[in-house]
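Note sheet for the following structure.
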Amino acid sequence: MSPEKFELLLRNIGNTYSQLVTEEVIEAHPLQMSEYEDCDSLEIEAIPGLELVFSEITYRLEHVYVRLRNDSGCNLPLYTGGLPEPFRSIRERKHAHQLLGKPISSRLEEFYGSDLYQLDPKLHPETQIHFQYGTDSTLKVIAFSLFGA
């Protein structure tokens, strides 16, 4: 996926599956029930490392997960497509802080860290970004989600 197409996807978080397909934001792929027990959602992972999560009731896109690195011993597919700026320049926690400023919230645990930001309102006014880092502060996952989803 090109950086421009990825940005278009971010602008369309909250739209339904059928809207995204009709407007050619995504290609049509069968929606699958979530593999997680406590989750009532539908998912598409047509591009390795890029997971789109839809509401089971409304079919609207609520989450976009981008896996950039795995923990040791984990062999999940990684996203190798393009990301728009500033996301393509963020490889470590310090880069996120330099480029995006102080996060809304941060967590630092024994095995990982995370930062929460609001997406630039020009791209989407109701979307948050959750950066997940490994113990070495290397960026592992970027999650884009609707507030309250």
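The values are calculated or read from the model by the stated rules, or taken from the named source; none is laboratory data. Since this is a predicted model, take the numbers as computed values, not measurements. For neighbour counting, all protein chains shown are included, and Cβ atoms are generated from backbone atoms with ideal geometry for every residue, glycine included.
Give me the pairs, please: first residue somewhere in segment 3-21 and without any contact (Cβ under 8 Å) to a residue 24 or more places away in the chain, second residue anywhere and assigned to a helix (DSSP H, G or I), beta-carbon distance under 7 Å, and either six or more positions apart or on two chains.
Qualifying pairs under 7 Å: none.
Quick check: is even one residue across segment 17-40 under 16 Å from D115 (Cα atoms) and touching a Ser or Thr at 6+ places or on another chain (Cβ under 6 Å)?
No, because not a single residue in segment 17-40 is under 16 Å from D115 (Cα atoms) and touching a Ser or Thr at 6+ places or on another chain (Cβ under 6 Å).
Among the residues of segment 61-77, write down those that are surrounded by 13 or more Cβ atoms within 10 Å (Cβ to Cβ), free of Cβ contacts under 8 Å to residues at least 60 places away in the same chain and either within 10 Å of the chain's Cα centre (by Cα) or on the phi > 0 side of the Ramachandran plot (or both).
Answer for segment 61-77, where residues must be surrounded by 13 or more Cβ atoms within 10 Å (Cβ to Cβ), free of Cβ contacts under 8 Å to residues at least 60 places away in the same chain and either within 10 Å of the chain's Cα centre (by Cα) or on the phi > 0 side of the Ramachandran plot (or both): there is none.
Can you pull out every residue in segment 80-133 that is over 25 Å from A46 (Cβ atoms), out of contact with any strand residue (DSSP E or B) (no Cβ under 9 Å at 6 or more places or on another chain) and of a type in the set (A, V, I, L, M)?
Within segment 80-133, just L99 meets the criteria.
Out of S105, S89, report the one residue that is farther than 18 Å from E4 by Cα and either among the small types (G, A, S) or at pLDDT 95 or above (or both).
S105
Restricting the search to segment 94-149, which residues are without any contact (Cβ under 8 Å) to a residue 60 or more places away in the chain, of a type outside the set (S, T, N, Q) and part of a strand (DSSP E or B)?
Of everything in segment 94-149, those that are without any contact (Cβ under 8 Å) to a residue 60 or more places away in the chain, of a type outside the set (S, T, N, Q) and part of a strand (DSSP E or B) turn out to be R107, L108, G113, D115, L116, Y117, I129, H130, F131, Y133.
Quick check on E45: is it closer than 24 Å to G14 by Cα and at pLDDT below 95?
Yes; evaluated as a whole, the condition is true for this residue.
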